[in-house]
Amino acid sequence: MRATRYLLIVAAIIAVLAAVAWYLRDGLIQRFSNPRLAQYGIAITDVSLDALAGDGASIGYLELVHESGTTIAIENLRLPISKPSADAKVFSAGSVTITRSLPRDETPPDIASLLERFLSLPEDLGGNELRVDDLRAPPYPAIHDLRWALLDDEQVIRARIDSVPVDLAVTSTDTGHHELTLASRSVLQASID
């Protein structure tokens, strides 16, 4: 009888702590994530965690601000948090809006370093897939139904830019060369090595 009473008290304490943690979850996410993101010059300014299940997390709204002033607002974000497996992890978002605040005296980023980073993504993030229903980065055209698969030696991107469907494949060869194939069913086809 005594053991049952202690178990009930412990269970009640755990339930109360879980309820408090769930109520304070958004602030806790910011408190624990921002120190880790600071090394990249990024801070979470707003977050709304909707659900946390055994294999993933659902975030209704996430707002990130880069030290340069760029704001990234993400709605309906789904993150896989399961154990590593051979299956590709799928990260998805309903809407992503990037608002860049570029001071007049700041120069745009170096294209060569951005391209080099893009080409090295499969080494760091291979086995993942990114899906975004709606991507906006004014003043550029809107991108819809973005599917970006990062394989071991290849990146495959499929999307609609405004209403034009575009397929892009970047394949890395053993010699360090990259082959790029860009195709649009209504506009052009090109292959670059």
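Just so it is clear, none of the values below were taken in a lab; they were calculated from the coordinates. What you see is a predicted model, and the numbers here were worked out from it, not measured in a lab. Don't worry about glycine lacking a Cβ; one is built from the backbone with ideal geometry, like all the others, and counts go over all protein chains shown.
Assorted remarks:
- Cut-off 9 Å between beta-carbons: net charge of the residues surrounding GLY60, Lys and Arg +1, Asp and Glu -1: -2
- Neighbours of SER95 by Cβ distance under 9 Å: Lys/Arg scored +1, Asp/Glu scored -1, total -2.
- Per-residue extension of 0.36 nm, minus the Cα-Cα distance of SER120 and ALA183, leaves a gain of 20.5 nm for this segment.
- Cβ crowding within 10 Å averaged over residues, with 119-125, 75-81 ranked highest first: 75-81, 119-125
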